[in-house]
Structure formats: C-alpha cells, structure tokens
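The values are calculated or read from the model by the stated rules, or taken from the named source; none is laboratory data. Since the model is a prediction, treat every value here as computed from it, not as a measurement. So basically every Cβ, Gly included, is an ideal-geometry build from the backbone, and we count neighbours across all protein chains shown. For accessibility, only protein heavy atoms count, side chains too; no ligands or nucleic acids. Shrake-Rupley method; radii C 1.70, N 1.55, O 1.52, S 1.80 Å.
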Amino acid sequence: MSASVPVTKRRPGRPTEERPRRAALDAVLDLIVERGINGVTTNAVAERARISKATMYRRWRSKDALVAEAIGTLVDREIVIPDTGTLEGDVHELLAEAVTLYSTPRAAALMPELVAGMARDGELAEAVRGGFLAARRDALDRTLQRAAARRELREDIDHDLCLDLFGGVVFYRLLVTGGPLDERLVEDLTAVILRAIAVDPR
C-alpha cells in the first residue's frame with residue numbers, strides 16, 4: 001500500500017480578501033488620473049472596483065485613507081529600498097528608481113493631483129504624511145543608519161534633511177520645472193548628494 005501524501009491546505013479567505021482591496025486601490029489610481037482627486041468618491045470606487053461600499057468602509061476609515069494607501073502601494077511597488085553595501089550605491093539606486101517611477105505616465109499624472117489635493121485638504125495631507133510617507137521615510141532612514149554604521153555618513157548630518165534631498169530635486173523637476181528625468185539627473189544628483197553628506201565622497 002502506498003503511503004498517503006499529505007495535502008497542504010490553502011489558508012481560506014486570503015485571496016478572496018485581497019482581491020477587493022487590490023481592486024479598490026487600482027480603481028483609486030485610475031480615477032485620480034482620469035478625474036483628479038476630487039473625482040474619487042466612494043460610489044465611483046465601488047462601481048469601478050465592483051465591490052460594495054460596505055466592504056470599503058470596513059477597510060478604510062475615510063476616502064483620504066483610501067487615497068493615501070493607493071498612492072503608497074504605487075510607490076512601494078516601484079521603489080525598493082536598496083542595500084548595495086555602500087552609500088554611493090544606495091543613493092544611486094534610490095534616485096534611479098524614483099526617476100523611473102515618476103517618468104511613467106500614471107505617476108506623472110498622479111503626483112501633481114496628490115500635491116494639489118494635500119494643499120486643499122488637511123485630512124488628506126495628514127493621511128498621506130502619517131501613513132505611507134512616514135513609513136517610507138523610516139525605511140529610507142535605515143539606508144542612512146547603515147551608512148553611518150559603515151562610517152560613510154558625516155556625523156553632523158540631519159537625517160530628515162537627507163531624506164528631503166533624496167526626493168526633492170526629482171519632485172521639483174516633475175512638478176515645477178518640467179526638466180528631464182533621466183540618467184544624467186541620477187548621476188549628477190548622486191554626486192551632489194554624496195559631496196554634501198558623505199565622509200569621503202569620490
């Protein structure tokens with residue numbers, strides 16, 4: 001008699017629970033591109049995602065929380081916190097991934113709408129700053145902490161200012177000047193940031 005083969009049972013519910021969440025977040029991103037932040041309503045998201053409003057209310061306390069999470073998932077999918085072993089490598093990878101993300105049509109359309117929405121809506125601004133943005137800055141700060149442990153980072157550097165530098169120029173070009181987001185920006189900005197924060201920049 002052959003031995004019975006144990007069957008690994010899939011944990012019930014998880015795929016079913018994840019589908020409406022993913023559908024809602026994708027619907028939010030599409031609606032922002034098509035209609036702007038003001039065009040994102042619970043009715044519109046529920047219809048686009050083919051889920052009930054009750055399902056949405058169980059998952060997100062407000063529309064602002066839903067928008068903040070949707071933007072956060074877009075950024076987190078595209079930008080991975082690097083660990084190359086050097087400050088130079090990490091800064092270069094962070095900038096390269098940011099430039100790649102914000103060069104895409106979807107992100108290029110989303111970010112101006114998000115910034116404008118945050119300026120008009122204090123609750124949205126609070127949801128973004130206290131949600132994915134805070135989590136992302138904490139993750140980025142680990143890059144600086146690793147560099148400090150390797151004695152690559154100047155001891156007098158303000159970490160918050162460093163984190164602003166990582167994204168500030170890219171966002172300024174995207175939102176204000178319309179300058180190119182390309183490899184030349186990545187290389188030049190990496191060199192400038194290293195001269196400012198590294199103990200022994202090349």
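With springs only between Cα atoms under 10 Å apart, run a GNM on the chain and tell me which of I37, I79, I51 wobbles the most. Of I37, I79, I51, the Gaussian network model singles out I51 as fluctuating most. Length available on full extension from S52 to Y172: 0.36 nm per residue minus the Cα-Cα distance, which gives 39.4 nm. Sorting the Cα pairs of region 67-169 by distance into bins of 10 Å, from 0 upward, gives 14, 45, 31, 11, 0 percent per bin. For the residues D156, D141, D30, a GNM of the chain with alpha-carbon springs under 10 Å puts the largest fluctuation on D156. Helical runs (DSSP H, four residues minimum) scored at -39500 (n - 2.57) apiece and divided by the length of the chain put the mean residue ellipticity at 222 nm at -22500 deg cm²/dmol.
Evaluated at q = 0.15, 0.19 Å⁻¹, a Debye calculation over the C-alpha positions of the chain (equal weights, vacuum) places log10 I(q)/I(0) at -0.96, -1.29. With the convex hull of the Cα atoms taken as the outline of region 76-128, the averaged projected area works out to 4.4 nm².
Given the options A65, A148, A98, which has the most mean-square fluctuation in a GNM of the chain, springs set between C-alpha atoms less than 10 angstrom apart? For the chain, modelled as a Gaussian network with Cα springs under 10 Å, the answer is A148. Solvent-accessible surface of the chain, taken per residue with a 1.4 Å probe and all protein chains present: 59 Å². Residues of region 47-69 with an amide N closer than 18 Å to a point placed 7 Å from the Cα of R35 along the Cα-to-Cβ direction: 47-57, 62-69.
Expressed as a whole percent, the accessible surface of the chain that belongs to carbon and sulfur atoms is 52, based on a 1.4 Å probe.
How tilted is helix 132-149 with respect to the longest principal axis of the chain? Cα atoms for both, answer in degrees (0 to 90, nearest 10). Helix 132-149 and the main axis of the chain meet at about 40 degrees. The share of C-alpha pairs in region 133-187 whose separation exceeds 17 Å stands at 48 percent.
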